[in-house]
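Before any comments, here is the structure.
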Amino acid sequence: MSDQRRAARLVVNAPAVIESIGQVPMFLHPNLQAVFRRVDADTTTLGKRFPAVVRDLSTNGAFITGAPLPLLARVALKFEVRGIGPVDAVGWVMWQRTNDCDLPVEGGTSTLPKGFGVLFESIPLETRTAIAALVAKQ
């Protein structure tokens with residue numbers, strides 16, 4: 001399998017707490033409201049909070065194993081990474097794997113675990129910089 005992701009990844013195994021947080025309501029002038037469109041966060045899991053594990057991490061996002069959240073759920077993530085420290089981020093669920101998936105590889109199979117990919121909306125600049133530095137050392 002080739003890795004076609006844009007950002008290099010740091011393989012981690014960081015216990016995390018994930019919470020589906022939704023969005024702050026936006027009130028617009030009626031003239032703007034008539035022509036303004038935005039993507040709204042999925043609200044079906046709003047307030048759901050659960051443990052998960054961050055499996056890989058980049059400056060742009062993370063893969064999280066656990067029960068997948070709906071696409072476009074907006075989430076708060078809290079976890080810790082050795083060499084970086086505590087990480088608090090906000091992101092959007094951009095993809096999900098609803099079950100484990102076995103793929104053939106030379107000499108056997110490789111199992112991809114169920115989970116979801118988060119694109120970071122907000123993460124402190126010093127945390128992004130620290131992630132980039134750790135990825136560069138690999």
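The values are calculated or read from the model by the stated rules, or taken from the named source; none is laboratory data. Every value quoted in this text rests on a predicted model; they were computed, and no experiment measured them. So basically every Cβ, Gly included, is an ideal-geometry build from the backbone, and we count neighbours across all protein chains shown.
Listed by first and then second residue, the pairs with beta-carbon distance under 8 Å, at least 6 apart or on different chains, first residue in the range 44-56 and more than 26 Å from residue 24 (Cα to Cα), second among the charged types (D, E, K, R), are 56/9. Give the residues of the range 20-54 that are in a strand (DSSP E or B) and farther than 21 Å from residue 113 by Cβ, sorted by residue number. Within the range 20-54, 42 is the sole residue that qualifies. A residue that is of a type in the set (Gly, Ala, Ser) and either modelled with pLDDT under 95 or under 21 Å from residue 133 (Cβ atoms) (or both) occurs nowhere in the range 68-77. Residues satisfying the criterion are present in the range 67-77 (criterion: within 18 Å of residue 126 (Cβ to Cβ) and of a type outside the set (S, T, N, Q)). Residue 99 passes every criterion in (1) loosely packed, with under 15 Cβ neighbours inside 10 Å; (2) of a type outside the set (A, V, I, L, M, F, W, C); (3) not in a loop (DSSP other than H, G, I, E, B) apart from (3). Answer yes or no as to whether residue 11 is surrounded by fewer than 18 Cβ atoms within 10 Å (Cβ to Cβ), under 13 Å from the mean Cα position of the chain (by Cα) and either under 27 Å from residue 138 (Cα atoms) or of a type outside the set (A, V, I, L, M) (or both). Answer is no for this residue.
Residues in the range 14-35 that are surrounded by 11 or more Cβ atoms within 10 Å (Cβ to Cβ) and β-branched (Val, Ile, Thr): 17, 18, 21. Candidates in the range 36-66 are the residues that are farther than 24 Å from residue 82 by Cβ and out of contact with any strand residue (DSSP E or B) (no Cβ under 7 Å at 6 or more places or on another chain); of these, the one that is surrounded by the fewest Cβ atoms within 10 Å (Cβ to Cβ) is 37. Does residue 121 fit the bill of being among the charged types (D, E, K, R) and over 20 Å from residue 11 (Cβ atoms)? Yes. Give the range 102-138 a look and list any residue that's within 15 Å of the chain's Cα centre (by Cα), assigned to a strand (DSSP E or B) and at negative phi, or say none. Residues satisfying the conditions are 116, 117, 118, 119, 120, 121, 122.
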